[in-house]
Amino acid sequence: MRPKTIGLIAHTGKEGVAELTRTLASELERADLTVLLEAATAKLADLPDGRDVAALGRDAELLVVLGGDGTILHTVGQLGENIKPVFGINMGALGFLTCANSNAYAEAVECIAAGKMVFSERTLLDVAVKIPHGNDSRMIALNDVVLSRGEVSRLVRLKTSVNGETLTEFNADGLIVATPTGSTAYSLSAGGPILAPESGAFVITPICPHVLTNRSIIVDENAVIEIEVTEREYPVFLTVDGREPLRIEGGAGVQIRKSNRVLPLASLPGVSFFGVVRQKLKWSGSNI
């Protein structure tokens, strides 16, 4: 795939991002590619014609995101129906979604201009919040869905079922439902397994469960996961891909299922998921 129109989005709080944005825009245009900039990115770099992320998703063929995993997650959450391929350039520390470091921008431009990118089709989650006698709300997730206790220092109760069959009622600090992409994020920190992107599964991971036999469970990606907030006295907070938390009262439920859309996530030729895992988690093997 050789895109003709590039949408450029940057984390405006990163050091050196304005200069890198200007350099990338110039190099991409030198490669005969049309560059469209997100509004805050354009303002920071003192470049014209900025637009919102949803418009970039509509008008660009490839989105180049400067930042880290959080910047990519934030971008995907704003795209709505216009999910487009994403090429991430890392300007942070630990990143599983970005495919090039900021000092390798020339290689990134060459790869994009030559159409040599390799794409991994990343599963997305459709998340529906069902409120009794209220309006349902819907969101999309690339990484994970987290229900947690918020700032209250007590456990919450979350009755969880898979395909209509009760799994258990978790009594815990919270619960994470993660895609393979999100299995290297919060779920991993909470003791969950790492899933390869093409594994065709989701993982449900309790956060600090009261019952020590409650552990992560892997379910088929076509499963429908339903979580009911049975805690009546205190609210539970729903966070999707680290975005602003949504307060969920007792009796409300969350339904999570595989989306019919996917995110094509770019990587440089020769870069593999397991190679990234080895590098990011500093796995070096045995010396024996």
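The values are calculated or read from the model by the stated rules, or taken from the named source; none is laboratory data. If you're wondering where the values come from, they're calculated on a predicted model, not measured in any experiment. Note that we place each Cβ from the backbone using ideal geometry, even for glycine, and neighbour counts take in every protein chain shown.
Please enumerate the residues belonging to segment 7-55 that are part of a helix (DSSP H, G or I), among the β-branched types (Val, Ile, Thr), surrounded by 19 or more Cβ atoms within 10 Å (Cβ to Cβ) and in contact (Cβ under 8 Å) with a residue 40 or more places away in the chain. Once the filter is applied, which keeps residues that are part of a helix (DSSP H, G or I), among the β-branched types (Val, Ile, Thr), surrounded by 19 or more Cβ atoms within 10 Å (Cβ to Cβ) and in contact (Cβ under 8 Å) with a residue 40 or more places away in the chain, segment 7-55 yields Val17, Thr21, Val53. Only residues that are assigned to a strand (DSSP E or B) and either in the same structural domain as Leu79 (by TED's automatic domain parsing) or not β-branched (Val, Ile, Thr) (or both) were counted across segment 214-261, and they come to 14.
Quick check: anything in segment 93-110 in the same structural domain as Thr239 (by TED's automatic domain parsing), surrounded by fewer than 18 Cβ atoms within 10 Å (Cβ to Cβ) and among the acidic types (Asp, Glu)? No, the conditions are met nowhere in segment 93-110.
Of all residues in segment 75-92, those being at pLDDT below 85 and crowded, with 20+ Cβ neighbours inside 10 Å number 0.
Counted as qualifying within segment 67-186 are the strands (runs of 3 or more DSSP E) with 3 or more residues that are over 19 Å from Gly242 (Cβ atoms) and out of contact with any Gly (no Cβ under 6 Å at 6 or more places or on another chain), namely 118-130, 156-162, 165-172. Figure legend. Inter-residue proximity from segment 161-188: first residues closer than 30 Å to Thr98 by Cα, second residues of a type in the set (Phe, Trp, Tyr) and crowded, with 18+ Cβ neighbours inside 10 Å, beta-carbon distance below 7 Å, spacing 6+ or different chains. Indicated pairs: Ile176/Tyr186; Val177/Phe202; Ala178/Phe202; Thr179/Phe202; Thr184/Phe96.
Just one of the numbered conditions (1) farther than 21 Å from Leu212 by Cβ; (2) in contact with a Ser or Thr (Cβ under 8 Å, 6 or more places away or on another chain); (3) of a type in the set (Val, Ile, Thr) is not true of Thr160: (1). Reported count of residues in segment 28-55, each being farther than 24 Å from Ala104 by Cα and hydrophobic (A, V, I, L, M, F, W, C), is 4.
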